[in-house]
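K.L.:
Mind having a look at this structure? Questions to follow.
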Amino acid sequence: MPSGEIDTVRSLERDSQPCAIARAGDSVAVSLLGIHGSHVMPGGVLCHPDFPVSVAKRLELKILTFDIATPILVGSQLEFHIHHSKEVARVVKILSLLDSKTGKTSKKAPRCLLAKQTALVEVALQAAVCVQEFSTCKALGRVFLRASGRTVAAGVVTRIIEDLD
């Protein structure tokens, strides 16, 4: 994924030793039968065809902003990092500010996000990425937002808004 190509795994290796199984988050070397190495890209996910990983361009995130000098506004362009993928993202909506202690909504639809605030935001990605909600798969649900070479926020995927499966 996200290419959607179907193939058969020839072999798996973990720490240079053959293994029979790999789980989400494991770092393994995979040998495939029919797909050439040039078709495999960073951020791609191998999965069983009956249980495909979601591929999406629009997500709802729960984020915590770090020490940022410039506020995050609706329309801000950021680098979106999830597992090994990096995409351009645009903040579509700032849905609400959350109380850092209780997690409950403290303000709906704020105009901007400042340093050390927790918020629910909606982002649109330039290209689709393999993603899962954090409650389903922690490894595919953690995100980082960067701007000008600095990490400005970290968070989790709370909802997949536009699934391209």
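The values are calculated or read from the model by the stated rules, or taken from the named source; none is laboratory data. Every value quoted in this text rests on a predicted model; they were computed, and no experiment measured them. Methodologically, a virtual Cβ is constructed for each residue, glycine included, from the backbone with ideal geometry; neighbour enumeration extends over all protein chains shown. Calculation scope for accessible area: heavy atoms of the full protein, side chains included, ligands and nucleic acids excluded. Shrake-Rupley method; radii C 1.70, N 1.55, O 1.52, S 1.80 Å.
K.L.:
Which residue out of Asp7, Asp26 is in a loop (DSSP other than H, G, I, E, B) and either of a type in the set (Phe, Trp, Tyr) or in contact (Cβ under 8 Å) with a residue 24 or more places away in the chain (or both)?
P.N.:
Being in a loop (DSSP other than H, G, I, E, B) and either of a type in the set (Phe, Trp, Tyr) or in contact (Cβ under 8 Å) with a residue 24 or more places away in the chain (or both) holds for just one of Asp7, Asp26, which is Asp7.
K.L.:
Another question about this same structure. For the stretch 31-46, which residues satisfy the criterion of being under 25 Å from Gly141 (Cα atoms) and exposed (fewer than 13 other Cβ atoms within 10 Å of the Cβ)?
P.N.:
His39, Met41, Pro42
K.L.:
Here's a follow-up. Would you point out the residue of the stretch 75-99, among those that are part of a loop (DSSP other than H, G, I, E, B) and touching a residue at least 24 places away in the same chain (Cβ under 8 Å), that is farthest from Leu120 (Cα to Cα)?
P.N.:
Checking each candidate, the answer is His84.
K.L.:
With the checklist (1) open to solvent by 80 Å² or more (accessible area, probe 1.4 Å); (2) of a type in the set (Val, Ile, Thr); (3) within 30 Å of Asp26 (Cβ to Cβ) in hand, flag the one item Val129 doesn't pass.
P.N.:
The failed condition is (1).
K.L.:
Would you pick out the residues in the stretch 132-147 that are in a strand (DSSP E or B) and open to solvent by 40 Å² or more (accessible area, probe 1.4 Å)?
P.N.:
Hits for the stretch 132-147 are Arg142, Phe144, Arg146.
Yes/no matrix, rows are residues, columns are (1) modelled with pLDDT under 95; (2) surrounded by 13 or more Cβ atoms within 10 Å (Cβ to Cβ):
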{"residue": "Phe51", "(1), (2)": "yes, no"}
{"residue": "Lys62", "(1), (2)": "no, yes"}
{"residue": "Leu73", "(1), (2)": "no, no"}
{"residue": "His81", "(1), (2)": "no, yes"}
{"residue": "Arg90", "(1), (2)": "no, yes"}
